[in-house]
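The values are calculated or read from the model by the stated rules, or taken from the named source; none is laboratory data. Computed from a prediction, not measured in an experiment: that's the story for all the values here. Backbone-built Cβ (ideal geometry, glycine too); neighbour counts: all protein chains shown. Areas reflect the complete protein model, heavy atoms only, side chains present, ligands, DNA and RNA absent. Shrake-Rupley method; radii C 1.70, N 1.55, O 1.52, S 1.80 Å.
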Amino acid sequence: MRLVLLGPPGAGKGTQAERLVKTHGIVQLSTGDMLRAATAAGTDVGKRAKAIMDRGDLVPDEVMVDIIAERIGRPDAGKGFILDGFPRTVPQAEALDRLLERHGLRLDRVVEIAVDEAMLKDRIENRARLSGGARADDTAATLHNRITVYRTQTTPVADYYRRKGALSTVSGMGTMDEVSAAIGAVLMAARTAPQGVRN
Ligand code: AMP
């Protein structure tokens, strides 16, 4: 199964992706985790990305597309994957379509987790407290920017997939179990549409 999980910071994408990894035996491809690993390893990409991430802005599309192209080509992605944090712009979504087409693959579904902004702020502030500053971008200062960036750059990605008939929106306002159940129902329905999403 190949899925994209969309949702603003604090929507619970990471948690839900981890659960899907367990239930479906596929890999989670989190571009945020990949960038944080590159930063920790001190690679050129990591060094360039750090300041951008700390501000809550987006790393350039061509950098992200190269990272994801390399990652999707690895053997462990062969059984399927969950994209968590990619695509975040329409050009990234278009590049993903071309990439999948080259591999003869299609997405099964794009799932958007919708959460209202007041709840997002609470969740991110909690995450900042719990992580004890482990993530430099989980601060109130960058939160506002990350939500604005999501609204302006990533909401059009949801529209892009909606136009293709690929998007399912689930409420992210419930408990983790409720959100997991809603995603499970979407994926069950997607299985009855075996042709997948048009690239
Ligand atoms: P995340 O862990 O998904 O919240 O991502 C953390 C940060 O990494 C984001 O705020 C961006 O600065 C950067 N990032 C992650 N994925 C992407 C992407 N697909 N495009 C651009 N920047 C990204």
### Furthest towards positive pole of dipole, L143, P60, L29, structure part segment 1-158, Cβ charges
L29
### Query
At what distance in angstrom do the alpha carbon centres of segment 51-108 and segment 122-185 lie from each other?
18 Å
### Query
Is the chain best put as rounded, prolate or oblate by its Cα gyration tensor, with a ≥ b ≥ c the root eigenvalues, rounded for a/c under 1.5, and otherwise prolate when a/b is larger than b/c, oblate when not?
oblate
### Message
Which entries of K22/K47; K50/K164; K13/K121 have Cα-Cα distances beyond 23 Å here?
### Response
K22/K47; K50/K164
### Prolate/oblate/rounded label for segment 122-199 (Cα gyration tensor, a/c 1.5)
oblate
### Query
Could you give the dipole magnitude of segment 63-185 about its Cα centre, charging the beta-carbon of Lys and Arg +1 and that of Asp and Glu -1, in debye to the nearest 20?
220 debye
### Query
Toward the positive end of the charge dipole of the chain, about the Cα centre and with charges on Cβ (Lys, Arg +1; Asp, Glu -1), which of A17, S180, G104 goes farthest?
G104
### Message
I'd like the carbon and sulfur percentage of the solvent accessible area for the chain, probe radius 1.4 Å, heavy atoms only, ligands and nucleic acids excluded.
### Response
55 percent
### Summary
Counting only protein heavy atoms and rolling a 1.4 Å probe, one gets per residue an accessible area for the chain in Å² of 50 Å²
### Message
To make sure I understand the rule: partners must be aspartates and glutamates, Cα under 20 Å from the Cα of K79, and not fewer than 8 residues away in the same chain. Which ones qualify?
### Response
E18, E70, D97, E101, D108
